[in-house]
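Student: The structure follows.
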Amino acid sequence: MAQIRPEQLQKVNELKGKFNELTFIIGQNQIQQRQLKADEQSMFQELDRLGEEEQNFLGEIQKEYGDGNLDTTTGEFTPTNTK
């Protein structure tokens, strides 16, 4: 049985170590991407829920004040002229 030189063994082990390290980093990256996608999906669901809540609340305002425009900065409601 032949044995490779120590510098060859060192190089093989160095390359193997770098390969394993990179494989580990890729795995961590994939896990982070999966978590980011899950977080993003949750945020979009919350965005949809908030949009729906806003529309429902504006519907309540419309029932109380009628048709018109609301300045959300000042709170001033300007009725729409209906003829």
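Student: So, of the residues in segment 35-57 that are charged (D, E, K, R) and within 10 Å of the chain's Cα centre (by Cα), which turns out to be least open to solvent (accessible area, probe 1.4 Å)?
Tutor: 39
Student: Could you please find all residues in segment 5-21 being open to solvent by 100 Å² or more (accessible area, probe 1.4 Å) and under 41 Å from the mean Cα position of the chain (by Cα)?
Tutor: 16, 18, 19, 21
Student: If a residue has to be loosely packed, with under 10 Cβ neighbours inside 10 Å and part of a helix (DSSP H, G or I) to count, how many in segment 61-83 make the cut?
Tutor: Adding up the residues that qualify gives 2.
The values are calculated or read from the model by the stated rules, or taken from the named source; none is laboratory data. Predicted model, so just to flag it, every value in this text is computed and none were measured. Cβ coordinates were reconstructed from backbone atoms using ideal geometry, including for glycine residues, and neighbour counts include every protein chain displayed. Side chains included, ligands, DNA and RNA excluded: accessible areas come from the protein's heavy atoms. Shrake-Rupley method; radii C 1.70, N 1.55, O 1.52, S 1.80 Å.
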